[in-house]
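Novice: This is the structure I want to talk about, given as structure tokens.
Where a number appears in this text, it was derived from the coordinates with a stated rule and is not lab data. Bear in mind that the values here come from a model prediction, so they are computed numbers and not experimental data. Note that each Cβ is placed from the backbone with ideal geometry, even for glycine, and that neighbours are counted across all protein chains shown.
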There are 2 protein chains.
Amino acid sequence: MQAVLAGDRLALARTLSQVENGTAQGRVALSGLFGHTGNAHLVGVTGASGTGKSSLVNQLARSYRHPGDGKLPRQVAVVAVDPTSPFTGGAILGDRIRMRDLAGDPGVFIRSMATRGSLGGIASATAAVVQVLDAAGYEMILIETVGAGQSEVEIAHLAHTTVLVEAPGLGDDIQAIKAGILEIADVLVVNKADLPGVENTERALRGSLDLAHPMPHHFIHHGQLASVPAQDDKAEFPQPIWEPPILRTVAIEGTGITGLIEAITAHRLHLDASGGWELRERWRLQTELDILLTNRLVEGFRSRLPAGVYEQALEDLLGRRLSPFQVVDKLVDMVG
Amino acid sequence: MQAVLAGDRLALARTLSQVENGTAQGRVALSGLFGHTGNAHLVGVTGASGTGKSSLVNQLARSYRHPGDGKLPRQVAVVAVDPTSPFTGGAILGDRIRMRDLAGDPGVFIRSMATRGSLGGIASATAAVVQVLDAAGYEMILIETVGAGQSEVEIAHLAHTTVLVEAPGLGDDIQAIKAGILEIADVLVVNKADLPGVENTERALRGSLDLAHPMPHHFIHHGQLASVPAQDDKAEFPQPIWEPPILRTVAIEGTGITGLIEAITAHRLHLDASGGWELRERWRLQTELDILLTNRLVEGFRSRLPAGVYEQALEDLLGRRLSPFQVVDKLVDMVG
């Protein structure tokens with residue numbers, strides 16, 4: 001743990017693996033490191049495949065390392081999560097090759113997560129990995145997710161600032177809208193803005209934003225344990241309202257990156273000034289707590305259930321002798 | 001309950017609402033009806049917006065009602081699920097207007113589910129609604145889902161046969177592949193096959209299928225309670241392997257619908273002959289059981305937790321006085 005706090009990259013990589021795999025050592029490390037978290041700005045970058053999202057993340061990392069204008073470079077970590085198919089896992093890793101010029105930089109740490117499994121499992125593992133990097137002193141943590149489905153929405157909830165990436169020519173519709181991710185986007189980027197159709201994509205995004213706007217969207221509780229009473233369920237959206245800007249970039253040429261970094265900084269300042277930072281911290285940590293608590297309850301229940309009982313109950317269900325609710329009643333009554 | 005079994009549509013609609021809303025009456029009704037389920041063929045139809053999936057579902061329903069060739073018409077139910085944004089909810093309802101010619105047919109029942117909330121909640125509510133329709137005598141139940149994210153994958157797990165709908169011109173990539181839905185598709189349809197680019201879409205689908213093929217994909221356990229030991233975790237894929245066919249349709253003109261129905265029937269016969277039907281029944285019901293059990297454990301825990309304890313634990317977490325794991329330990333120890 002001290003080695004991680006001291007910036008030992010080997011110790012960091014080892015701890016990240018332990019944490020990602022949910023080992024006992026990982027839990028101990030995380031409990032020790034947790035008190036050192038809370039300093040990083042967590043930026044989620046999400047969008048469908050083909051939007052050039054990975055190039056954009058690479059450019060952001062490069063700019064944070066070489067800010068120019070006499071600004072100080074920031075410590076940057078990139079966490080790439082692909083919660084979908086094992087068959088597409090190679091894409092993210094392939095993109096990482098383009099980061100070779102950053103690979104020797106001790107101020108950059110790149111981690112690809114290949115985790116599969118339940119949604120809660122991925123969100124949990126990502127949260128834990130991000131906490132370790134936060135404790136290790138990385139100031140900007142870029143969480144890159146592929147696609148725009150429910151998984152990405154869940155992972156985006158881990159971030160303070162969510163950047164949604166679109167590109168011209170990916171179809172008549174803005175794919176992201178279908179998955180509700182627009183509702184949680186803080187900064188919208190039309191990448192590949194040198195391609196034809198950029199105005200159409202921008203117009204579609206703007207139209208959808210106007211539609212989504214009536215809702216105080218950041219404070220819908222999406223945690224798995226939504227039934228647990230939360231103090232902030234009725235929280236008012238802090239004034240003033242943040243209007244998500246729509247920016248154009250051409251990541252492979254480095255165009256528009258400065259503007260994007262300014263927007264991310266502006267959003268951070270907005271969160272600080274409006275009380276939004278604290279609300280998001282609360283929401284993030286409550287979501288994580290709820291997922292961990294649910295997993296623990298299920299594991300505890302399983303360990304108390306006599307051998308064979310679950311299997312017998314499943315047979316009663318398959319034989320239509322008991323309904324799903326009746327099976328649940330029976331199992332819960334048995335363990336007490 | 002007797003009224004639902006006797007085919008009373010008003011009683012059916014009322015029961016579906018009770019079940020969807022998770023009321024006590026709904027639970028009682030479901031337990032009574034569950035013994036009458038297991039007869040319906042559940043067909044999931046999923047695909048991104050813009051693929052013409054709803055028109056396809058309408059045409060399927062029409063063909064099952066007017067089969068021609070001296071075949072008997074089937075009782076058909078359509079369950080349309082939009083687990084994503086409330087802003088797109090109108091699309092499905094709008095499409096339903098095109099079904100006006102089926103609206104007076106007592107052999108067709110259409111239900112749109114506007115459920116939001118947790119993933120488990122949607123899958124659970126959809127499973128329950130499908131069971132009521134099954135008990136009520138609907139032989140073909142078409143479960144239509146929008147998009148191709150994780151939610152759709154979860155809902156597709158409720159079906160015996162999953163139809164994935166694509167269309168030419170929705171981008172260079174096959175969007176569905178990113179979400180892993182290709183791995184659970186039994187029949188692939190390129191709708192709007194009169195548009196240019198149909199060959200490209202077909203080729204992309206075929207290439208992705210070849211990539212996905214090595215995996216005995218239908219028997220990966222996706223249930224939320226994946227840690228519960230399942231008898232079938234090691235189940236072998238039954239021989240012979242089903243090769244998902246790729247079909248062309250133009251739903252608005254009714255072209256290719258007969259071929260699609262034949263493919264769905266062939267898949268049903270394959271499941272019957274290979275033992276796949278029983279394996280899918282087991283998997284479906286186990287997934288449902290696991291979700292219900294998890295929800296019950298969480299609710300039970302919450303009711304036993306003294307007032308204010310959860311909120312205090314959350315404050316300890318926010319103040320970095322305790323790590324997430326330590327908070328979970330504390331809460332679980334308290335309830336015992």
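Novice: Give a residue-ordered list of calculated ³J(HN,Hα) values for segment A:253-266 (Karplus: 6.51 cos²θ - 1.76 cosθ + 1.60, θ = phi - 60°; whole Hz; x for Gly, Pro).
Specialist: Couplings: 9, x, 6, x, 5, 4, x, 5, 5, 4, 5, 5, 5, 4 Hz.
Novice: Can you tell me how segment A:262-336 classifies by the Cα gyration tensor, rounded, prolate or oblate, using a/c under 1.5 as the rounded cut? Intermediate values should be presented prior to the final figure.
Specialist: Values: a/c = 4.79, a/b = 3.48, b/c = 1.37.
Note, shape of segment A:262-336 comes out prolate.
Novice: What are the distances, in nm and sorted shortest first, from the label point of residue B:9 to the label points of the same position in each other copy, with each label point placed 7 Å from Cα along the Cα-to-Cβ direction?
Specialist: Copy-to-copy label distances for residue B:9: 6.9 nm.
Novice: Shielding by partners for B:295-306, please: the mean number of other protein chain Cβ atoms within 10 Å of each residue's Cβ.
Specialist: 5
Novice: Enter the mean number of other protein chain beta carbons within 10 Å of the beta carbon of each residue in B:43-50, as an integer. Numbers along the way, then the final one.
Specialist: On the way: counts 0, 0, 0, 0, 0, 4, 7, 5.
Whole-number average of other-chain Cβ neighbours for B:43-50 is 2.
Novice: Would you mind checking which residues have amide H under 5 Å from residue B:74's amide H? H placed 1.01 Å from N; only 5 or more apart, or other chain.
Specialist: HN-HN under 5 Å from residue B:74: B:65.
Novice: Under the rule of at least 5 residues apart or a separate chain, name every residue whose amide H is placed under 5 Å from the amide H of residue A:248.
Specialist: A:190
Novice: Each residue of segment B:40-53 in turn: what ³J(HN,Hα) in whole Hz from Karplus with 6.51, -1.76, 1.60 and θ = phi - 60°, glycine and Pro shown as x?
Specialist: 6, 8, 8, 10, x, 10, 9, x, 5, 4, x, 8, x, 4
Novice: Measuring nothing but label to label, 7 Å from Cα along Cα→Cβ, what are residue A:71's distances to the other copies in nm, shortest first?
Specialist: 6.4
Novice: Please give me, ordered by residue number, the trypsin sites (Lys or Arg not before Pro) of segment B:255-336 that lie in loop per DSSP and have at most 13 other Cβ atoms within 10 Å.
Specialist: Numbers: sites: B:268, B:280, B:282, B:284, B:296, B:302, B:304, B:320, B:321, B:330; in loops: B:320, B:321.
Filter output for segment B:255-336: B:320, B:321.
Novice: Per residue of segment B:196-208, in order, report the coupling 6.51 cos²θ - 1.76 cosθ + 1.60 (Karplus, θ = phi - 60°) as ³J(HN,Hα) in whole Hz, putting x for Gly and Pro.
Specialist: x, x, 4, 5, 4, 4, 4, 5, 4, 5, 5, x, 5
Novice: Count, for each residue of A:6-15, the Cβ atoms from other chains sitting within 10 Å of its Cβ, then give me the mean as a whole number. Can you show the working numbers first?
Specialist: On the way: counts 0, 0, 0, 0, 0, 0, 0, 0, 0, 0.
Mean shielding count: 0.
Novice: Shifting gears a bit: Show the residues, 5+ positions off or on another chain, whose built amide H is closer than 5 Å to the amide H of residue A:143.
Specialist: A:43, A:44, A:45, A:79
Novice: Net charge near residue B:30: determine it from the other residues with C-beta under 12 Å of the C-beta of residue B:30, scoring Lys and Arg +1 and Asp and Glu -1.
Specialist: -2
Novice: So the label point sits 7 Å from Cα along the Cα-to-Cβ vector; using that for residue B:104, what distances do you get to the other copies, in nanometres, sorted shortest first?
Specialist: 8.0
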